[in-house]
Structure formats: C-alpha cells, structure tokens
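Colleague: One structure follows; several queries about it will come next.
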Amino acid sequence: MSGFFDLPSDLQHSYLGLVGLHLREALLPVLAGLLLSLPVAQLCVRFRWMYPPVLGITTVLYAIPSLAFFVVLIDYFGQSETTVMIPLALYSLVVLVPAIVDGVRSVPPETLAAAQAMGFGAVRRYLQIQLPIAVPAIIAGLRVATVSSISLVSVGMLIGNQGALGNMLYDAQTYHRPALAVNSVVTIAVLGILADGVLVLLRLLLTPWMPRKGATR
Amino acid sequence: MNVLNFAHSFFSDSAHWHGYDGIPTRFAEHLRYSLEALLIAAAIGLPVGLLTGHTGRGGNALALLATAGRALPSFGLLVLMFLWIGFGLLPVMIPLVVLAVPPILVTAYEAVRSVDPSPVDAARGMGMSETRVLLQVELPVALPLVLSGLRTAAIQIVSTATIAAYVSLGGLGRYIIDGLYQRNYDKVVGGATLTAALALATLGLFWAAARLTVSPGVRRNG
C-alpha cells in the first residue's frame, strides 16, 4: 500500500505541488475580487442609487452554479486555470462588495468631519480614515470569500483536471482508493481553516486600536 | 451572443420538454433534493442557532464550526461519500447539509444576539418564561436576519445540488454534466439557465416570505 501522501503519477504533481497549485487557483481570484470590489464599493457609497442594482447583478452571478460557469467559460478560455479562476473572482465580489460598503458606511460622520477639518482631501480621507476603520468588515468578508474559494476550486477537476487538490478525487474513483479522496477533502479543509486563521491574525495586526477580548467573530 | 444562441436552441428543442430526461422531471428532482437538504439543515441549524443566541454562550465554538463547515469542499465530500456509501441520495444530502448549516446557524445566532436588550428585559420583567421571551420577543425581531441566513443557504443549495449529477443522480446538473461530456453546450447553458432561474425564484420567494412574516414595526426599524 502506498503512503497517504504518495500520489499517482498521472496527477503530475507532488502533494505539496498540488497544495501550491490549489492555493494559487483559490487565492488569486479573491485578490482580484478585492481589487475590483474596492472601487465598485466606493462608487456604491458615493452614489447610493448604484448599490441595489450592483447587489442584484452580483447575486444573479452567484446563483449560477460554479460547474455551469466553468463549462461555459471553456468556450472562451479552454480547459485552463483562467476558466476556474474567473467564476471564483466573481463569487468573491458577491461577499466583498457588501462587506466593504457596510464597512465604509459604518465610519461615524464626526470622524469624517474631523478629518475634513484637519484638511484631509478625499483621497487621503479614504485611504487613511475610511479604509482602516472598515478593515474589520472587509476582513470578515475576505474570510468568507477565501474559505469558499479554496473549497470551490476542487470542482475544477471536472474541466480537464484543473481542480488542483480536487484532481485527487478523480484518481480516488478510477483506482478505487478512497484514501485519496479523504486526503483531498481533509487537505482542502485544513487549508481553508489555516487561511481563515491568517486573516484573523492580519486583522489583529491591522487594527491595533480594537479591543482584543470578545472581538473575534 | 454565443450563450444566448445555446440557450435558445436548448429551450426550443421540444425533445427537452417531456419524458425521463425532460425539463419538468429534472426540475422536480432538483427541487426535491434542494428542499430536503434545506429542511434538514434548518432543522439542525435553527434551534441550535436560536438557543445559543438566546443564552449568548458558545459563540466562538459556533464560529469555529461554521468555518470548518465552509472549508469542507462540497464536491470532494460528495465523491468521498459516494466512494464510502455508494449510490443513493445520502451521499448527495450530506455535502448539501454541511454546506447549508453554517449560514443558517451563524446568522440565527447573530440575529438573536443583536436584538435590543431593553425589550427582552421588559418581557422578562412582565414575567414571560425564557421560551416565550425567545419565541415571542427575540425571534420576531431577529426574523429578517434569520430569513436572510436561510436564503443564503437555500441559494447555495440550489446551485450546488447540480453536483448530484456527478454521482449518477438526476436534477438540473444532469444537463450540465452530460453536456460537458458530450461537448454539447446547448445542454450546459440550458441547465445553468434553469438552475439560475430556480435560484432567483428562491430569492423572490424569500423576499415575499419576509414581507408576509416580518412584523411591520420591525421592518420600519430595520
């Protein structure tokens, strides 16, 4: 019997290679989603009428099953990593845009007035006041988006074995080695929980002014 | 646009509208899986979420449990359960329930926690039992959030139930999986459209449910 971390050679990766691939396929889309949702959320805060339609569009995108999304994109990007990553980036928008909008809106008006009185321009006020105060809300959104993204990558297995750790599921079936499926599921879950922990740590580092106790959500 | 052509040729083909592999059959299957999974998840998540929210204890444990639930990949869980249990509805239900319990549980907890404490104290002062405080004061005020948790869970179930087709069960995912292997994009787009439509209908249903069940006083405040 082969060891738990020995993978069949048709996966073309070592165990750690798959872990690296998985993290890249899962995290790049969340990063792209964050970069995209910052300006979108800012527009939604500035122009209130934009928020309901933006929320509507993202919810509709979210309702499309990831599997169908992947398959339709094959037509445009082939069976590649891009095909897996685009839907994941869009899904993360659904979580991140409301999180950032709520976070930025939760900044007390007195704080903004004080910043203005101190001569802060719009850009500086956004970068130095609004964004830092919104950090807890943004991180809360990032935690949900990151963990779901890590677990969704595995569906990419269905489109030309682009599911990183999810590819082990296919081999688990073909060689009838359930241990491979256990390995895949457990590793993905552990990666998700670790990524979640890193984000919690990041929040603690970025918001030193917040009370430490009872602040964990 | 490409996608529109695919959808059009799928829905205009009359062969897709009846019989064993027809849209009504697949739709009914999908609805059944989704409803069953949602009911099981609600039966687990709601009582636990409401009770922990009421007592205010176990919040950290709940958050941990929810993260763990979210981190478990539905698709991987499906394949694993299929290998262990074999063909049937159970290997499909387990990942769907695992997927749906965290949002229901966490929002129910948060919703009850965030209820204004003064009416709760008033209710206690009037001599209400803890059960009545929870059911007649906290629950009605928390209802909009509780419903939003159920809605998130329902939408995720509807769109994830498509993976049931991978282990030879029916549902709308049948079109997507079959279409993928047959390189028949009409089917894929058709299946995706139907699933998205069902998810949107779910959204509408929850909106209507919120209009009907949330007391007007609560709605004004929210």
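Colleague: For chain B, what does the helix formula give at 222 nm: sum of -39500 (n - 2.57) over DSSP H segments with n ≥ 4, over the residue count, nearest 500 deg cm²/dmol?
Modeller: Details: 10 runs with 169 residues, N = 222.
Computed mean residue ellipticity for chain B: -25500 deg cm²/dmol.
Colleague: How far apart, in nanometres, would the label points at A:Leu205 and B:Ala197 be if each is projected 7 angstrom from Cα along the Cα-to-Cβ direction?
Modeller: 4.9 nm
Colleague: What is the distance, in nm, between label points placed 7 Å from the Cα along the Cα-to-Cβ direction at A:Thr174 and at A:Arg124?
Modeller: 6.1 nm
Colleague: Of chain A, which part is the longest with no chymotrypsin sites (Phe, Trp or Tyr not before Pro) in a loop (DSSP not H, G, I, E, B) and with at most 15 other C-beta atoms within 10 angstrom?
Modeller: A:48-174
Colleague: What helices does chain A hold that run 27 Å or longer along their axis, going by alpha-carbon atoms, with a Kyte-Doolittle average of 1.0 or more, using DSSP H for the helix calls?
Modeller: Span-like helices here: A:15-46, A:81-105, A:131-152, A:178-206.
Colleague: For segment B:3-221, with the dipole built from +1 on Lys and Arg beta-carbon atoms and -1 on Asp and Glu ones, taken about the Cα centre, which of B:Gly125, B:Gly88, B:Tyr20 lies farthest toward the positive end?
Modeller: About the Cα centre, the residue reaching furthest to the positive side is B:Gly125.
Colleague: So, one more: Please give the calculated 222 nm ellipticity per residue for chain A, where each DSSP H segment of at least 4 residues contributes -39500 (n - 2.57) and the sum is spread over every residue; nearest 500 deg cm²/dmol?
Modeller: -24000 deg cm²/dmol
Colleague: Something else now. Roll a 1.4 angstrom probe over the protein heavy atoms and tell me the percent of accessible area of segment B:11-164 that is carbon or sulfur.
Modeller: Values: 4700 of 6820 Å².
Carbon and sulfur: 69 percent of the exposed surface of segment B:11-164.
Colleague: So for segment B:3-221, what percent of the C-alpha to C-alpha distances run longer than 32 Å?
Modeller: Percentage above 32 Å: 30.
Colleague: Taking a point 7 angstrom from the Cα of B:Leu35 along the C-beta vector, which residues in segment B:167-192 have backbone N less than 16 Å away?
Modeller: The answer is B:171-172.
Colleague: Sticking with this structure for a sec: Would you work out the charge dipole size for the protein assembly as shown about its Cα centre, treating the Cβ of every Lys and Arg as +1 and the Cβ of every Asp and Glu as -1, and quote it to the nearest 20 debye?
Modeller: Around 1280 debye, computed over the protein assembly as shown.
Colleague: Each label point is 7 Å from the Cα along the Cα-to-Cβ direction; what then is the distance between the points at B:Arg57 and B:Thr25, in nm?
Modeller: Reported label-point gap for B:Arg57 and B:Thr25 is 5.4 nm.
Colleague: If you don't mind, another one. Leaving out ligands, DNA and RNA but keeping every protein chain, what accessible area does A:Met210 have, in Å² rounded to the nearest 10, with a 1.4 Å probe?
Modeller: 50 Å²
Colleague: Still on this model: Calculate, for B:Glu130 and B:Arg211, the FRET efficiency according to 1/(1 + (r/R0)^6) with r their C-beta to C-beta distance and R0 22 Å; round to the nearest 0.05.
Modeller: In this case the efficiency is close to 0.15.
Colleague: Using a Förster distance of 35 Å, how high is the FRET efficiency between B:Asn5 and B:Ser168, based on the Cβ-Cβ distance and rounded to 0.05?
Modeller: Step by step, r from the Cβ atoms, then E = 0.75.
Colleague: Once the protein assembly as shown is represented by equal point scatterers at the alpha-carbon sites, with solvent omitted, what log10 I(q)/I(0) does the Debye formula produce at q = 0.06, 0.07, 0.09, 0.11 Å⁻¹?
Modeller: -0.27, -0.37, -0.62, -0.91
Colleague: Based on Cα coordinates alone, diagonalise the gyration tensor for segment A:1-141, multiply each eigenvalue by 5, take square roots, and list the semi-axes in whole Å, largest first.
Modeller: So the three semi-axes of segment A:1-141 are 39, 19, 11 Å.
Colleague: Quick one: longest stretch of chain B between exposed loop chymotrypsin sites (Phe, Trp or Tyr not before Pro), exposed meaning at most 12 other C-beta atoms within 10 Å and loop per DSSP?
Modeller: On the way: sites that count: B:Tyr20, B:Phe87.
Looking at chain B, B:88-222 is the longest stretch - no exposed chymotrypsin sites (Phe, Trp or Tyr not before Pro) with at most 12 other Cβ atoms within 10 Å.
The values are calculated or read from the model by the stated rules, or taken from the named source; none is laboratory data. Nothing here was measured: the structure is a model prediction, and the numbers come from that model. Here the Cβ is made from the backbone with ideal geometry for all residues, glycine too, and neighbour counts use every protein chain on show. In case anyone asks, the SASA skips ligands and DNA or RNA and just uses the protein heavy atoms, side chains included. Shrake-Rupley method; radii C 1.70, N 1.55, O 1.52, S 1.80 Å.
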